[in-house]
Each structure stands twice: as structure tokens, then as C-alpha cells.
1. Tell me which residues, restricted to region 212-246, are out of contact with any Gly (no Cβ under 8 Å at 6 or more places or on another chain) and open to solvent by less than 10 Å² (accessible area, probe 1.4 Å).
2. Being surrounded by fewer than 18 Cβ atoms within 10 Å (Cβ to Cβ) and more than 19 Å from the chain's Cα centre (by Cα) is the filter; apply it to region 439-461 and report the residue that is nearest to residue 242 (Cα to Cα).
3. Check region 119-139 and report whether any residue there is in contact with an Asp or Glu (Cβ under 7 Å, 6 or more places away or on another chain), basic (Lys, Arg) and within 23 Å of residue 383 (Cβ to Cβ).
4. Take the residues in region 317-340 that are surrounded by fewer than 24 Cβ atoms within 10 Å (Cβ to Cβ) and of a type in the set (Ser, Thr, Tyr); name whichever of them is farthest from the ligand (Cβ to nearest atom).
5. Give me the pairs: first residue in region 172-189 and within 24 Å of residue 207 (Cα to Cα), second residue among the aromatic types (Phe, Trp, Tyr) and surrounded by 15 or more Cβ atoms within 10 Å (Cβ to Cβ), beta-carbon distance under 8 Å, and six or more apart or on different chains, which are they?
6. Go through the residues of region 137-150 one by one and say whether even a single one is touching a Pro at 6+ places or on another chain (Cβ under 7 Å), more than 15 Å from residue 194 (Cβ to Cβ) and surrounded by fewer than 16 Cβ atoms within 10 Å (Cβ to Cβ).
7. On the basis of being closer than 27 Å to residue 359 by Cβ, open to solvent by less than 30 Å² (accessible area, probe 1.4 Å) and more than 15 Å from the ligand (Cβ to nearest atom), does residue 113 make the cut?
8. Cβ contacts < 8 Å: first residue small (Gly, Ala, Ser), restricted to region 282-306; second residue modelled with pLDDT under 95, any location; separation 6+ or different chain. Result?
Amino acid sequence: MIRKPFALLATLAVSFGLGLSANAADERPNIVFIFSDDHAPHAIGAYDGWLKSVNPTPEIDKLAADGMLFKNSFCTNSICGPSRAVIQTGKHSHKNGFMNNGNSFDWNQQTFPKLLRAKGYQTAIYGKSHLKGTPQGYGDDWAVLPGQGLYYNPDMIFPDGKKMVNGHCTDVVTELAIDWLKEKRNDDKPFMLMVQHKAPHRNWMPAPRHFSLYEDMTMPEPTTLFDKWEDNTPAARNQELEIDRHMDINFDLFLDLTADFNQEASQKRQDKSAWKNMGRMTPKQMKAWRDFYGPLDEAFHKANLSGDDLVRWKYQRYAKNYLRCVKGVDESVGTLRATLADLSLDKNTVVIYSSDQGFYIGDHGWYDKRWMYEESLKMPLIVSWPGVTEAGSKSEEMVQNLDYAETFLDMAGADIPDDMQGKSLVPLLKGEGGDKPFRDAIYYHYYEYPSVHMVPRHNGVRTARYKLINFYEFDDKELYDLEKDPDELTNVYGNADYAKVQEEMELKLIKVVEKYNDDSVGPEKPQAWQDGFMKVK
Ligand code: CA
């Protein structure tokens, strides 16, 4: 059984003012899917978050001005590899088999690039795949970073093997994609190009041209920087992703690396990527790095900070480096769009900007992601589809990365397989969503525990107003009224005023688990629970 695609070719042809010809398939839109790693919506100007005053993303903002911005766009599992696997397959983690970063993706399964190729699309991918194994569903030319990849002069895996490519990773990926657009693409076929940036993933190492960006300003702080999670269940107090206690001042913020690059000491650290990256730098890059960060480190040592002042210093350096990496991605969006215009491809190319999940930029005192709380649950999603999507439009509908595969297939006029679990966003992009909500609830499930950052397994359901989070291994639940409490500081689970809402949300959770056929909610309690780890505070 195959669901009928929403976008029939005739509809598309009318939208573009094109007559149907014998070769109508060739008029189907091209798709450029620009995807970054860990770029939170609130670090995008167009999303109106608390970092807007920094003007972090002028090019992505222009894309939003030309297309549709999805205000309520969510992931199904807030971590890198699993989010990408959901996008490839249009299926939740428990169905595609990639539940946490330790898993390997089964490339032999059905993916949207394979289905697009079967319909005559050219497909290519450049950048971070994070799915392990040789990518399937792409043509003769592609290049992916091994694992997390490096920021400076990274190795890339090409179909014929691994090679080092000079430059900052964001620029390397952009240049490979542009080279494909200009030199390697076949003019006779529509295409789907995935440009997948490593930035702004930990540990936030910017291109040298962005070192000094924002240095003369003080970043605004999130209102929840000093949150103590007093109203949460114990999970939020027992994690390991606090700027205060867990962020590594050397390896996340480069402090001693700049002054004393010590390979042996660095090997012992949890996150070795700063050391690995610095080992890759050319002498010129290293000098630029030390010239910039060296004096700042000296000033830090003299200041002898502690307590909240130290947290604030760490936050400033972190947020600035994060946004410097974002700046590189933003420039890439501008360069790619300018290239499409130069090649006269801009009128018939859908450009999408998204990132694999949200991120804590000091929100709740944290860095990283994983939780079902808003900052890491939300994903940016901006789509420009010239002639189809209204410029500067915004959608409030609840959409997920679960919907991307279906959307790309629908754009291409391809059938959407019945076993995909999301819904095409094409009706929303065409302004034909109707009066009924696109979806009344989203389902979330995070698995990677015990593991780095120690965020317990949880699933949950979110509606337009409420969110129920279920830390099922610990028999703990949290309920939030997002209208009254957008920062999720007051857990109303068990509050008599919310008894009815609680009942409805618990029922909804059962229903979405059934709907998506999630049989992966394990009954087994982890050792940490048995040891009383979660009951300490
Ligand atoms: Ca990520």
C-alpha cells in the first residue's frame, strides 16, 4: 500500500507557471538541504530568541524572510546520530534501529535518498553523516567526515578513500558542495543535495577569521543560567552537563591548551577533540589561535574568578565560540544561495535550513542537549520554496524531523511508503494546511543512558500547551504548562489544579506509544537506579 503523494506534478507545474510536457519530470524542484549540528533555534535571529540582539545569523534570517519558518519544530530523540537516522528513514528511532550514538545505522534499509534516486533525482551528501558505514543512496561523488570529524584540516571519506582536506571544516564542506553544483551535477536531472555541517558541535572551534567576532561585547545571559532545578524530579539534578561543574575549562574552552599544548595530559580528558584539532592545525593557524586566545587566557588567570563569576566567564567564552561557529554556517548558507543564483538554479530550488536538535547555550545552567525540555527538543526549520511558499510566513504547527523524508519525497512527486511514520509538510508549505491542526501531539524518546552527560532515558508527549515527561526507569514524571511556564521551572505533575490535564496527558502518552508502535520502553532498571544514584538529591 502506498499513500498518494500530496504534490501532484500538475499542481507543481501550475505553481511554477509551467506547462506539462513529455519531460515534465525534469521540472520538479531541486532540493538543497543545509543541516548543521547542535544549532539551537534561539541562536537564530529569525526565531526571536534571547540571543537575537547579537544578530547571529543574517543569512539564515534572509532565508526565513524568503520562505516559511516553523516555530514549533521538534526532534524525536535529541541527539546527533539518531536525529539523522530519523530523517533518512521517516521513522522513529525504535523503528530505524539507531537509538543512540553507540548504534550503527543499517544502510540497507529504506531511506529517502534511495527513493528519490529511484524517481530520477541525483543525490549527493557532503559533510557530517554521523551514521557510520558507507552512505547509501548517493551517487558517485560524496564526502563525509569520519565520526564527529575535525574542525581544522579534516579528513574526509570519499568513495575512493580517506583524504585530508585543508581549511576550516565549515568552509571545506561548503566548497565540496559548490564544486558538485558547478562541476559534477548532471543538468538534465533534478537534484537533492545535502550539505551537513559539523559546526557548531562541541567543542566550538571557529574559523580563524571569526576568532575576534563578538569579543568586544558581552553576550546576553539566559534568565535560567543559575537554575538549580529545584522543582524537577531528581534526573535534572543528577546530570553532568552543567557549565559550572562539568564543562571542561581546558578542552571545552581551550584554556591551558593555548598556553601549554600537552598531548599526554589531554589524552586523559573526557573530550579529546580540542587536542585532536590543535594537532591538525598548520603553524599559521596555530599562531593565529595563540595570538588571539593567549592574552585572554592571561587576563583570566589574573582575574582569579570563582563562584558565579567563574560560571559567567565560562558562559561568555562558550557562547562566543558557539556563535562564532554559527557564523561560519550562516556564511555557508549565503554562499550556497549565491551559487544557486549564479547558476540560475535559485527559482526552482527548495532551500531548507535545519539542525539535528536544539542545544543549551547556558539555558538552565547547561550545555549539550538530550532532554525533552524545550531548548533541546526544538529544531530550527526554515524552508524557502520560490513560487510556492509565501515569503516571510511562519507556521505554528507542530512538526518533527520525522516528517522530512516524507516532505522531500512529496516535493519530488514520489510516493510516500506506508511504513514511514511522519507526514509531508508540503500542504503547510503551500498554505493549504486547512483548519485542523497538522498534529495534536508529538512523541519523544531518548535512550542513551548511562552515558556521557548522564541524562536518563525518558519518553514523553507534548501538545501545543502541555508537556509530560516520563523518566520511566525511575518512576518519575514531570508535567509543564508551557503557556504559563515557557521556561519549564514549575513541575505541575501531582498538582491538584492540573489533575484533569495530567490524566489526559498520561492517556495521550499511551496513545502515541501505541500509534508509533514503540515497544522499546524497557522494563529493566539500570544499575544506577539500583545503586540509589538517582535518589541522592
Ligand atoms: Ca547534534
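1. 219, 235, 236, 239, 241 - these are the residues of region 212-246 that are out of contact with any Gly (no Cβ under 8 Å at 6 or more places or on another chain) and open to solvent by less than 10 Å² (accessible area, probe 1.4 Å).
2. Out of the qualifying residues, it is 451.
3. yes
4. By that ranking, first place goes to 339.
5. What qualifies is 173/126; 176/126; 177/126; 180/126.
6. Within region 137-150, one or more residues are touching a Pro at 6+ places or on another chain (Cβ under 7 Å), more than 15 Å from residue 194 (Cβ to Cβ) and surrounded by fewer than 16 Cβ atoms within 10 Å (Cβ to Cβ).
7. Criteria met by residue 113.
8. Once the first residue is small (Gly, Ala, Ser) and sits in region 282-306, its partners that are modelled with pLDDT under 95 give 294/258; 294/259.
The values are calculated or read from the model by the stated rules, or taken from the named source; none is laboratory data. The model shown is predicted, which means the values in this text are computed figures rather than measured ones. With ideal geometry, Cβ positions are generated from the backbone for all residues, glycine too; neighbour counts draw on all protein chains shown. The protein model used for the area step is the full one, side chains on, heavy atoms only, and it has no ligands, DNA or RNA in it. Shrake-Rupley method; radii C 1.70, N 1.55, O 1.52, S 1.80 Å.
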